[in-house]
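The values are calculated or read from the model by the stated rules, or taken from the named source; none is laboratory data. Note that the structure is predicted; figures quoted are calculated from it, not measured. Glycine also receives a Cβ, built like all others from the backbone with ideal geometry; neighbour counts cover every protein chain displayed. These area figures cover heavy atoms from the full protein model, side chains too; ligands, DNA and RNA do not enter into them. Shrake-Rupley method; radii C 1.70, N 1.55, O 1.52, S 1.80 Å.
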Amino acid sequence: GGMRLRSKLFLAQLPLGIALAAVALIAVFEITKLGESSDRILAENYRSVLAAQRMKDSIERMDSAALFLVVGHREKALAQAAEHRRRFEAELRVEENNITEPREADVVRGLRAAWGEYLRVFNGIATGPAPTAAIYFRVLEPAFLAVRERAEEILALNQDAMVRIDM
């Protein structure tokens, strides 16, 4: 009778129904996983953006401290330099442990080297007599610019990656 035909049709469609349900479940799972991984990547890039911005801020404050030395405000200079040296170091370590983009490792190595050179120059000048403006412009400013440039490069690399993920 009619009931048997309906049962046969239902049973014939059952594997297709099960397959569709399985595909739907897999799709939901994969999309969720994709969303989580892009969120993770965005968060990692954002942490590098923050680190780079904070390093830029700290190297600029170190540069101000260098100018305080030139105008003879030694104590203020050394206090500010000590604080921002600590801050820069902390953010540089964060960045060294958060490399996600191609070329980023090279830029970070370059930043570490430029920072080491800046400290060598700064400390050399901070321990001697007050530097002249000429010494600042010949020695300190180029070392400062080298550090800031590399921090800006890290900032740009990670911001570009965030824009790509978001698209």
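Which condition does Ala90 not pass, out of (1) over 15 Å from Asn123 (Cα atoms); (2) without any contact (Cβ under 8 Å) to a residue 40 or more places away in the chain; (3) out of contact with any Asp or Glu (no Cβ under 8 Å at 6 or more places or on another chain); (4) surrounded by 20 or more Cβ atoms within 10 Å (Cβ to Cβ), if it passes all the others?
(4)
Within region 40-63, does at least one residue satisfy the condition of being farther than 17 Å from Leu111 by Cα, under 12 Å from the mean Cα position of the chain (by Cα) and crowded, with 20+ Cβ neighbours inside 10 Å?
Yes.
Select from region 36-60 the residues that are closer than 15 Å to Asp160 by Cα and hydrophobic (A, V, I, L, M, F, W, C) and list them in ascending order.
Matches in region 36-60: Ile41, Leu42, Ala43, Val49, Leu50, Ala52.
Take the residues in region 111-167 that are of a type in the set (Gly, Ala, Ser) and within 18 Å of Ala43 (Cα to Cα), then tell me which one is least open to solvent (accessible area, probe 1.4 Å).
The first filter runs over region 111-167 and keeps only residues of a type in the set (Gly, Ala, Ser), leaving 113-114, 116, 124, 126, 128, 130, 133-134, 143, 146, 151, 156, 161.
Narrowing the set further to residues that are within 18 Å of Ala43 (Cα to Cα) leaves 156, 161.
Values: Ala156: 42, Ala161: 3 Å².
Looking at the filtered set, the residue picked out is Ala161.
Going through region 17-30 one residue at a time, which ones are open to solvent by 100 Å² or more (accessible area, probe 1.4 Å), at pLDDT 90 or above and not β-branched (Val, Ile, Thr)? Working first, answer last.
Step one: filter region 17-30 for residues open to solvent by 100 Å² or more (accessible area, probe 1.4 Å), giving 18, 20, 25-26, 29.
Subset that is at pLDDT 90 or above: 18, 20, 25.
Hits for region 17-30 are Leu20, Leu25.
Answer with yes or no whether Lys76 is assigned to a helix (DSSP H, G or I), open to solvent by 40 Å² or more (accessible area, probe 1.4 Å) and closer than 21 Å to Arg109 by Cβ.
Numbers: assigned to a helix (DSSP H, G or I): yes; open to solvent by 40 Å² or more (accessible area, probe 1.4 Å): yes; closer than 21 Å to Arg109 by Cβ: no.
No.
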